[in-house]
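For reference, the structure discussed in these notes is given below.
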Amino acid sequence: MSAGESHGRSRQLRDKAQELDEAATRSTDPDESRRLRDKARRLLEQSEQERVIDDPGMDLR
């Protein structure tokens, strides 16, 4: 996978996480909201891991 493809995948993961977080905000079911937020958090973590792999010298602060 090229750096451009990795960056695109990372961006897609962040976009999907944002969509899930917004859906969680709209949800009236607390369990569903929690499930969506957990999934969004996992996607963000995965996105960050892929960014670090793409650029090991990247400053994470």
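Quick note: the coordinates plus some simple rules give every number you see, no bench work behind them. Worth saying up front: this structure is predicted, and the values here are computed from it rather than measured. Reconstructed Cβ throughout: ideal geometry from the backbone, glycine too, with neighbour counts over all protein chains shown.
Listed values, structure above:
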item	result
Charge sum, other residues only, whose C-beta stays under 15 Å from residue 19's C-beta, Lys/Arg counted +1 and Asp/Glu -1	+4
Full-stretch length increase - residue 45, residue 29 - with 0.36 nm per residue and alpha-carbon distance subtracted	3.3 nm
